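Here is the structure we will look at, set down as structure tokens.
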């Protein structure tokens, strides 16, 4: 996957995955990989800064949670109302871009 395409759509990817179900960082990364058939792999260096940025922007709410498997608590994320609205805006922008690009083929 072209890294520039990935970077430009990372927030859309994360918001889309978290819309289905909230989760913690590694869980989100695994779900992205599974849902995209391995086409998109998120590493910690891009994943966590993006999650923190989306939280600071008010699009995600985070809380500390103890997982059933034990270990230290993890920070879980879920979309806020503003996050749902932002996801809708980003999807529409992506669809418009996709339509424009397809008109060139």
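The values are calculated or read from the model by the stated rules, or taken from the named source; none is laboratory data. This structure is a prediction, so every number in the text was calculated from the model and none was measured. All Cβ positions, glycine included, derive from the backbone under ideal geometry; neighbour counts span all protein chains shown.
The table for this structure:
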| item | result |
| --- | --- |
| Filtered residue count, the stretch 7-26, keeping only those that are surrounded by 14 or more Cβ atoms within 10 Å (Cβ to Cβ) and without any contact (Cβ under 8 Å) to a residue 40 or more places away in the chain | 2 |
| Subset of the stretch 1-17 that is more than 13 Å from residue 36 (Cβ to Cβ) and touching a helix residue (DSSP H, G or I) at 6+ places or on another chain (Cβ under 8 Å) - its residue that is modelled with the lowest pLDDT | 7 |
| Residue selected from the stretch 27-42 under the condition loosely packed, with under 15 Cβ neighbours inside 10 Å and in contact (Cβ under 8 Å) with a residue 12 or more places away in the chain, by the criterion farthest from the chain's Cα centre (by Cα) | 39 |
| Subset of the stretch 45-73 [part of a strand (DSSP E or B), touching a residue at least 40 places away in the same chain (Cβ under 8 Å) and under 17 Å from residue 84 (Cβ atoms)] | 60 |
